[in-house]
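The values are calculated or read from the model by the stated rules, or taken from the named source; none is laboratory data. Given the structure is predicted, the values throughout are model-derived calculations rather than measurements. Here Cβ is always computed from backbone atoms with ideal geometry, including for glycine, and neighbour counts include all displayed protein chains.
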């Protein structure tokens, strides 16, 4: 096996709080172990175009607390083609870069897998607020996004109380309801609508009516973006209950901001583990948090089935919101 002395790191797909902390860990631990580290700017699109720059200790100074990604990110249609994949691999090989650390979500991992088949040692680090990657208990950015939602809803609740209204709050997550579920349980939402569980708006409405009859003057309903059109849900609930309601779509505010301590530590340990597995000569692996331990697993696990849904948390949220 050829000795690897040059590595690169890129971020791809949607940004997530903690990505910078992961970049910092990869760069600094790589340098500590006498590796030459390069940053790939603008994700796979930048890789294909050769936007690859040397990184030193100063390159990642004062970034650990910053949201987003200093390497920037972009969607790359060309990376879906074999020609684009060969271009990307050639950019690395021409520079003598033998390993690539990819920080991102499911799509980013698929690109990494293609590069591994072309002779590049790849390691994936899960960076996405959606927490939808199979094989890891948590992804970098998820905890921060949940806390952002909680902070926003604490403000919305003040208005909901003042005006005695129901508020429907849409949160991100694509087809994964983890953000909605965790945030909803944390703030005591009256109902949590998520794509994993079929819901009955009549039951949601009846819960609102029961609460009103016992003197409750406001309610919060959290809707995951994959659970349906929130404006339609709002209209149907109003028709059934007769109660006025307001809709708030939190949107991309959930991706920004400084990472929580949990995400910063998770990012640092995952970035450090990525260097460990590269030095061990492993490839086509992903770094995961499993049972509170940072481990490496075969990358293909990320594409096998769907991440198990924590039904017990959903049931508990319903039991507590009677």
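Structure above, values below:
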| item | result |
| --- | --- |
| Residue that is farthest from the chain's Cα centre (by Cα) [pool: residues in region 232-284 that are part of a loop (DSSP other than H, G, I, E, B) and under 30 Å from residue 200 (Cβ atoms)] | 242 |
| Residue check for residue 122: touching a residue at least 12 places away in the same chain (Cβ under 8 Å), in the same structural domain as residue 19 (by TED's automatic domain parsing), touching a helix residue (DSSP H, G or I) at 6+ places or on another chain (Cβ under 8 Å) and more than 12 Å from residue 105 (Cα to Cα) | yes |
| Total residues in region 27-43, condition touching a strand residue (DSSP E or B) at 6+ places or on another chain (Cβ under 7 Å) and farther than 14 Å from residue 6 by Cβ | 2 |
| Filtered residue count, region 311-322, keeping only those that are outside any helix (DSSP H, G or I) and surrounded by 14 or more Cβ atoms within 10 Å (Cβ to Cβ) | 1 |
| Some residue of region 4-14 being in contact (Cβ under 8 Å) with a residue 40 or more places away in the chain, part of a helix (DSSP H, G or I) and assigned by TED's automatic domain parsing to the domain that holds residue 124 | no |
| From the options 250, 208, residue that is outside the structural domain of residue 11 (by TED's automatic domain parsing), surrounded by 14 or more Cβ atoms within 10 Å (Cβ to Cβ) and modelled with pLDDT under 95 | 208 |
| Any hit, region 235-247, residues being touching a strand residue (DSSP E or B) at 6+ places or on another chain (Cβ under 7 Å) and without any contact (Cβ under 8 Å) to a residue 12 or more places away in the chain | yes |
| Filter result for residue 53 (without any contact (Cβ under 8 Å) to a residue 24 or more places away in the chain and either in contact with a strand residue (DSSP E or B) (Cβ under 7 Å, 6 or more places away or on another chain) or in a loop (DSSP other than H, G, I, E, B) (or both)) | yes |
| Residue within region 214-230 that is in a helix (DSSP H, G or I) and surrounded by fewer than 17 Cβ atoms within 10 Å (Cβ to Cβ) present | no |
| Residues satisfying the stated conditions in region 25-35, i.e. surrounded by fewer than 24 Cβ atoms within 10 Å (Cβ to Cβ) and assigned to a helix (DSSP H, G or I) | 28, 29, 31, 32 |
| Selected residue (only one of 100, 168, 115 is surrounded by 18 or more Cβ atoms within 10 Å (Cβ to Cβ), more than 12 Å from the chain's Cα centre (by Cα), assigned to a helix (DSSP H, G or I) and at pLDDT 95 or above) | 115 |
| Filter result (surrounded by fewer than 12 Cβ atoms within 10 Å (Cβ to Cβ) and modelled with pLDDT under 95) within region 278-310 | 304, 305, 306, 308 |
| Hits in region 179-190 (condition: in a helix (DSSP H, G or I) and either touching a residue at least 60 places away in the same chain (Cβ under 8 Å) or over 22 Å from the mean Cα position of the chain (by Cα) (or both)) | 179, 181, 182, 184, 185 |
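The rows are residues; the columns are (1) out of contact with any helix residue (DSSP H, G or I) (no Cβ under 7 Å at 6 or more places or on another chain); (2) closer than 21 Å to residue 148 by Cβ.
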residue: 204; (1), (2): no, no
residue: 207; (1), (2): yes, no
residue: 213; (1), (2): yes, no
residue: 223; (1), (2): no, yes
residue: 226; (1), (2): yes, yes
